[in-house]
Amino acid sequence: MPYTADKPSRAESSEQLRARIPGWGADLDPRMRPSVPKERFDPGLNGAHWEFPDRQPETRPRERSIEHAFLTPVFGTSAPPKGLSGVIRRYAYRRFSEGRAAHWLLLLGADRVDAVESHLASFVTLRPDNPITETGVVAEPSHHPVASRVGQKRADLAHLPLDPVLVVGPWLLAGGLVLAGVRAVVRAVRR
Amino acid sequence: MRAMVYRGPYKIRVEEKDIPRIEHPNDAIVRVTLGAICGSDLHLYHGMMPDTRVGTTFGHEFIGVVDQVGPSVRNLVPGDRVMVPFNIYCGSCYFCARGLFSNCHNVNANATAVGAIYGYSHTSGGYDGGQSEYVRVPFADIGPTIIPDWMDDEDAVLLTDAVATGYFGAQLGDIVEGDTVVVLGAGPVGLFAAKSSWLMGAGRVIVIDHLEYRLEKARSFAHAETYNFAEYDDIVVQLKKITDHLGADVAIDAVGAEADGNLLQHVTSAKLKLQGGSPVALNWAIDSVRKGGTISVLGAYGPMFSAVKFGDAMNKGLTLRMNQAPVKRQWPRLFEHIQNGYLKPNDVVTHRIPLEHIAEGYHIFSAKLDGCIKPLILTAAA
Ligand SMILES: NC(=O)c1ccc[n+]([C@@H]2O[C@H](COP(=O)([O-])OP(=O)(O)OC[C@H]3O[C@@H](n4cnc5c(N)ncnc54)[C@H](O)[C@@H]3O)[C@@H](O)[C@H]2O)c1
Ligand SMILES: [Zn+2]
Ligand SMILES: [Zn+2]
């Protein structure tokens, strides 16, 4: 087709589509679309019976973005920062805004430290981390591991071999640290 | 109570945790009866979202029964069966007052650039999620809604995210009658976006993925034309060929941070975390849509920068629209569509997994085994 002013012709008319597809065009009129326009000022609509919410008590120091004026009235209390990862996390929040890559890189780094710390800590509990059950790979034999992957053009197979590196990496690191620790102790005792 | 707990990338287990307490007068505690795993959870599971702490419980798609309410709660009483939108929001701030529920300013202490989401890392507020037997639901008078009698539980849980998100994404496309819409990604979100595009009056809906079984679903469930990008040297050229070399009017990114199709992008983002996400699908959307067209971004990306082809977007005069879905805003109209039989949410459910086996559920969904499209999580307390 030459490049002209016409809109390309359609394979199916609206009537044909309406007959073929349940609900075709039910929201053709933008007024039927609940998210149009994007902003719709209606403070009464949401059921809030406060102008500003009550404040949730801050029972321990809660890290927050320095882009906020104050601690938000409601906040999550899952997994407070602890250990070395906690120190890094608190520093990332205290020192860098969300606009800084350092903020996010520190938080991602803290996540990796947290994983290693937690694996190590789990070894002195009654329930050490178990890489077999925790990765869910036990589901493989019963869920068509070969048929799901072989004979198909799955683009993700290209990086499949990399996934185990991420999974095993922290273990090797944790193992290495334990080994180094044991060696240091042995050496100290021998001396 | 029993709860899913994150132990580090690709590792989760079920632990005994304390039942959550009322921490704010407008909190409720909900006993979860049915949950789900979302494509977004995979970004956490793969360790891509900054400040995902060991010990947190994921899960932002759940329904349940109100167990306790705080002293200021007026709209719910214990025993009510509720569906809970994935957004946590106050209902009263600048953003909530304008309908931007997913952008609430009063609920996420950790970040101003994202609202709060159940079980979605500290970057999204540090709340535990619903892949557990009980969950703390802040602002009980705002988000949760009593499940209508006629509604199926599985449909209700899908409405808490995937259905509402796909429907929202089609609206972001500003589709006009006869438009050609390309949907990248045939996961639950993409499937509902494709289906919803017809409701808006699209003339043609094209779905792109590399998983044949999902494309099959896109054809049968969403009446879409489909292309497997792994079968083409360059999917952008293919999309031009089938749209008179002008390009589609609208493209919807329903893939997000872990897009495949470019190993370098994948490795630098998903593996090395050097960028907030692999924008392969987003870049395909930018390049395959026509000049002056609209891109709707539903796919989630991390807060770090990503290598997006912004120059092309600018030179083509594109409109880029995006957000986390303000779920509850979609519900009244979606309820009508479901009652009219235009949409059957649980058609995409493929797996129903007991909470105790959730680690296997994550693996099956993540590795796309066994034809998995949408896994639901069954709690023992149900
Ligand atoms: N905006 C929101 O409110 C919101 C809500 C829910 C989910 N999400 C996001 O939407 C995305 C999809 O969620 P889902 O539950 O459907 O996840 P999913 O993982 O099941 O689906 C993603 C699909 O994209 C396909 N894919 C990968 N690379 C592709 C590429 N380059 N081109 C086309 N397809 C490609 C995958 O094969 C998969 O089928 C995720 O990023 C999720 O975080 C956003
Ligand atoms: Zn989700
Ligand atoms: Zn708000």
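Under the combined filter of DSSP loop state and at most 13 neighbouring Cβ atoms within 10 Å, region A:1-107 retains these chymotrypsin sites (Phe, Trp or Tyr not before Pro): A:Tyr3, A:Phe41, A:Phe70. Once the Cα atoms of helix B:212-222 and of chain B are each reduced to a long axis, what angle between those two axes, in degrees from 0 to 90 to the nearest 10, is obtained? The answer is roughly 80 degrees. Label separation (A:His68 vs A:Thr133): 3.6 nm, computed from points 7 Å beyond Cα along the C-beta direction. Hey, in the GNM for chain B with a 10 angstrom Cα cutoff, which one of B:Gly201, B:Gly39, B:Gly302 fluctuates hardest? Looking only at B:Gly201, B:Gly39, B:Gly302, the largest GNM fluctuation is found for B:Gly201.
Working from Cα pairs under 8 Å separated by at least six residues, relative contact order for region A:84-140 is 27 percent. Evaluated at q = 0.08 Å⁻¹, the base-10 log of the normalised Debye intensity for region B:167-322, with identical point scatterers placed on the Cα atoms, takes the values -0.19. Once the Cα atoms are used to define both axes, helix A:163-190 deviates from the longest principal axis of chain A by about 10 degrees. Averaged per residue, chain B has 28 square angstrom of accessible surface, using a 1.4 angstrom probe with ligands and nucleic acids left out. Note on B:Asn346 and B:Leu264: the extension gain reaches 26.0 nm, defined as 0.36 nm multiplied by sequence separation minus the Cα-Cα distance. Surface burial for B against A, with a 1.4 Å probe and both sides summed, reaches about 8800 Å² of accessible area. Region B:191-243 and region B:104-157 have their alpha-carbon centroids 31 Å apart.
Rounded to 0.05, the FRET efficiency of the A:Ala19 and B:Glu336 pair, given R0 = 35 Å and the Cβ-Cβ distance, is 0.95. Remark on region B:127-174: accessible area falls by at least 50 square angstrom from chain-alone to full-complex state for B:Gln171, probe 1.4 angstrom.
Expressed as a whole percentage, what fraction of the accessible surface of region A:84-140 belongs to carbon and sulfur atoms when a 1.4 Å probe is rolled over the protein heavy atoms? Percent of accessible area from carbon and sulfur atoms in region A:84-140: 70. When the Gaussian network model of chain B links Cα atoms closer than 10 Å, the mean-square fluctuations of B:Thr112, B:Thr52, B:Thr165 top out at B:Thr112. Per-residue mean of foreign Cβ neighbours for A:143-150 is 4 (Cβ atoms of other chains, 10 Å radius). Using a 1.4 Å probe, what is the accessible area per residue for region A:84-140, in Å²? Heavy-atom accessible area per residue stands at 46 Å². Taking chymotrypsin sites (Phe, Trp or Tyr not before Pro) across region B:222-277, none is in a DSSP loop with at most 10 further Cβ atoms lying within 10 angstrom of its Cβ.
Surface composition of region B:167-322: carbon and sulfur atoms hold 55% of the protein heavy-atom accessible area at a 1.4 Å probe. Its relative contact order, with pairs defined as Cα atoms under 8 Å and 6+ residues apart, puts region A:43-127 at 24 percent. For region A:125-163, no residue has its backbone nitrogen under 12 Å from a point 7 Å from the Cα of B:Leu274, taken along Cα to Cβ.
Each principal axis of the Cα cloud of the protein assembly as shown was taken in turn, and the coordinate range along them, longest first, works out to 87, 55, 45 Å.
Of the GluC sites (Glu not before Pro) in region B:91-192, the ones in a loop by DSSP (not H, G, I, E or B) with at most 14 other beta carbons within 10 Å are B:Glu177. Given R0 = 22 Å, the distance between the Cβ atoms of A:Val165 and A:Thr125 translates into a calculated FRET efficiency of 0.25.
Taking the Cα centre as origin and putting +1 on Lys and Arg beta-carbons and -1 on Asp and Glu beta-carbons, what dipole magnitude results for region B:167-322, to the nearest 20 debye?
Value, rounded to 20: 280 debye.
Between A:Arg187 and A:Ala158, full extension at 0.36 nm per residue minus the direct alpha carbon distance yields a gain of 5.9 nm. Relative to the dominant Cα principal axis of chain A, helix A:83-95 is inclined by about 50°. Computed from the C-beta positions of A:Glu51 and B:Arg21, the FRET efficiency with R₀ = 41 Å rounds to 0.95. In region B:198-224, comparing the full protein assembly with the chain on its own, the residues that lose 40 Å² or more of accessible surface at a 1.4 Å probe are B:Trp198, B:Leu199, B:Met200, B:His210, B:His223. For chain B, averaging the sequence separation of C-alpha pairs within contact (under 8 Å, six or more residues apart) and dividing by the residue count gives a relative contact order of 17 percent. From the square roots a ≥ b ≥ c of the eigenvalues of the alpha-carbon gyration tensor of region A:84-140, which class results: rounded (a/c under 1.5), prolate (a/b over b/c), or oblate? Taking the square roots of the gyration eigenvalues as a ≥ b ≥ c, region A:84-140 is oblate.
Return the residues of region B:350-382 for which accessible area with all protein chains present is lower than in the chain on its own by 40 Å² or more; set the probe to 1.4 Å and exclude ligands, DNA and RNA. Listed by number, the residues meeting the 40 Å² cut-off are B:Glu360, B:His363, B:Leu369, B:Asp370.
Approximating the spin labels as points 7 Å out from Cα along Cα→Cβ, the B:Lys241-to-B:Asp312 distance works out to 1.7 nm.
The values are calculated or read from the model by the stated rules, or taken from the named source; none is laboratory data. Here the structure is a predicted model, which is why all the values come from computation and not from measurement. Note that each Cβ is placed from the backbone with ideal geometry, even for glycine, and that neighbours are counted across all protein chains shown. Quick note on the areas: whole protein, heavy atoms, side chains included, nothing else; ligands and nucleic acids left out. Shrake-Rupley method; radii C 1.70, N 1.55, O 1.52, S 1.80 Å.
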